[in-house]
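Report on the structure given below.
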Amino acid sequence: MTVPVTPLADLADPHPALAALREDGPVRRLDLRMGLPVWVVARYDDVLAALSDPRLSNDPHHAGALTELLRGDFLSRSMIGTDPPEHTRLRRLVSKAFTARRVEGLRPRVREITDALLDRITPRGGAELVGEFALPLPVTVIGELLGVPEGDRDRFRGWTDEMLDRPFDPRSDMARVTAARERMHGYLAELVAAKRARPADDLLTDLIEVTDEGERLDGQELMAMIFLLLIAGYVTTVGLIANGTLALLRAPDQLDRLRADPTLVPQAVEELLRFDGPVNPGLTRYALEDLEIGGARIPRGDVVLLAIAAADRDPDRFPDPDRLDVGATDPGHLAFGHGVHYCLGAPLARLEGQVAFTALLARLPGLALGVDEDELRWTGGGVLRGLRELPVTFTPTP
Ligand code: HEM
């Protein structure tokens, strides 16, 4: 059966539609993003099992219908678009930079960046938290880690809009996507050339050295790696901070509880990821052979959407899943994925989230939404969902 369109288009409130998907079990639907039929898998147990099923590939080249779309797509050469053994080789090249221990060493600098952003906001009594806080914080952190010149970082907002702002229609949007890819390729080539000329103590220089020394990373793979780290390093974290802040504003008792007991912040970050994580509806996979998920028979070559945002509110897994509980201690959410592609940046994202929420609550007393709920604007329609802007008010402090 093919249901006409995916019901995931209500970005302001996708959870009722996600709940309906869970109820239905895996059903083949026409995906608005790619104009292709996809199988939507939405129950927690099914999503968890599928995430570590080697018969489901991350490599879009396995979906014949996508061949045209993939021309010139260098991201599909990155670790997120490949399967073992390529995936293993690519991931190993950077995994050391993102271990929990290495990342913990960044905490003082992440605090400094956070405080500098808030210093500009606190005296004013009002701010637009996406553009002034949730976006520049992770952009600065990943920019510094990789060694992207500060002056280039403003371009990121344009990329985000380009990539996240609307559902993708291959029939009409191919030219736009090709142009965006070419611009991105040009920018990355410039960045690599500049770094070759002036090596520095950063991750980009390390990756260039690996490429120049031998055969472990070729030129295309280098571009793909840098692009993936740049993009994955911030788009999702913006969503964690902004969606998470809104979720707290909507649950004032939880906001007060967290403010009264900041030791709950690490738990609260996990709960916010479960409750309204940025990867929404979820991750795409490609069937390498005929298989069965949740009673549905999925033929080889078909596209499967693993709706982790639905799984993370599955009442069979999480009691009372639609209630935010900042004291929850169940770490089983799938917001960072699962299996070999489990988010490489999870320790960094957690650190940024913990520092951001601790500082927001401590430094913005009386935090409240600055517009009516129905004036909030959302981005998404693809893999991610997030607030475009988050106007807030608070009591000014000097
Ligand atoms: C992979 C979520 C932050 C880098 C993933 C995956 C998810 C995810 C769900 C799995 C993709 C898949 O299975 O296909 C998130 C969320 C974040 C976040 C919710 C923030 C709240 C970051 C950060 C970085 C990062 C800060 C820093 C570089 C990556 C990379 C991968 C990845 C490189 C690919 C891993 C692989 O394919 O082996 N992320 N991420 N992420 N993430 Fe994150």
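The values are calculated or read from the model by the stated rules, or taken from the named source; none is laboratory data. The shown structure was predicted, so the numbers you read here are calculated from the model rather than taken from an experiment. Every residue, glycine as well, gets a Cβ built from its backbone with ideal geometry; the counts of neighbours run over all protein chains shown.
Pick out the one residue from Val304, Val265, Val269 that is within 12 Å of the ligand (Cβ to nearest atom), touching a residue at least 40 places away in the same chain (Cβ under 8 Å) and over 23 Å from Ser52 (Cα atoms). Among Val304, Val265, Val269, only Val269 is within 12 Å of the ligand (Cβ to nearest atom), touching a residue at least 40 places away in the same chain (Cβ under 8 Å) and over 23 Å from Ser52 (Cα atoms).
Comparison of Asp320, Asp314, Asp374, Asp330 shows that the only residue that is closer than 19 Å to Leu283 by Cβ and more than 15 Å from the ligand (Cβ to nearest atom) is Asp314.
Step by step: first the residues of region 85-136, then only those that are more than 16 Å from the ligand (Cβ to nearest atom) and not in a helix (DSSP H, G or I), then the one that is nearest to Leu364 (Cα to Cα). Which residue is that? Selected residue: Thr122.
Out of all the residues in region 299-325, which are of a type in the set (Asp, Glu) and closer than 17 Å to Asp276 by Cβ?
Answer for region 299-325, where residues must be of a type in the set (Asp, Glu) and closer than 17 Å to Asp276 by Cβ: Asp312, Asp314, Asp320, Asp322, Asp325.
Identify, please: which residue in region 272-301 is more than 13 Å from the ligand (Cβ to nearest atom) and basic (Lys, Arg) and is, among those, nearest to Val40 (Cα to Cα)? It comes out as Arg297. Restricting attention to region 335-352, the residues being of a type in the set (Val, Ile, Thr) and crowded, with 23+ Cβ neighbours inside 10 Å number 0. Annotation note: of Gly337, Gly353, Gly332, Gly345, the sole residue that is within 30 Å of Arg43 (Cα to Cα) and in contact with a strand residue (DSSP E or B) (Cβ under 7 Å, 6 or more places away or on another chain) is Gly337. So, in region 251-300, exactly how many residues are within 12 Å of Asp325 (Cα to Cα), of a type in the set (Lys, Arg) and out of contact with any His (no Cβ under 8 Å at 6 or more places or on another chain)? Final tally of qualifying residues: 1.
If you go through region 54-77 one residue at a time, do you hit one that is within 11 Å of the ligand (Cβ to nearest atom), at pLDDT 95 or above and part of a helix (DSSP H, G or I)? No. Tallying residues that are surrounded by 14 or more Cβ atoms within 10 Å (Cβ to Cβ) and over 17 Å from Gly345 (Cα atoms) within region 100-114 yields 3. Within region 353-371, being within 20 Å of Glu389 (Cβ to Cβ) and either within 16 Å of the ligand (Cβ to nearest atom) or surrounded by 22 or more Cβ atoms within 10 Å (Cβ to Cβ) (or both) holds for Gly353, Ala356, Phe357, Leu360, Leu364. Taken as a whole, region 205-225 holds no residue that is of a type outside the set (Phe, Trp, Tyr) and more than 23 Å from Met79 (Cα to Cα). Counting only helices (runs of 4 or more DSSP H) that sit wholly inside region 198-294, those with at least 2 residues that are of a type in the set (Asp, Glu) are 203-213, 252-260, 265-276.
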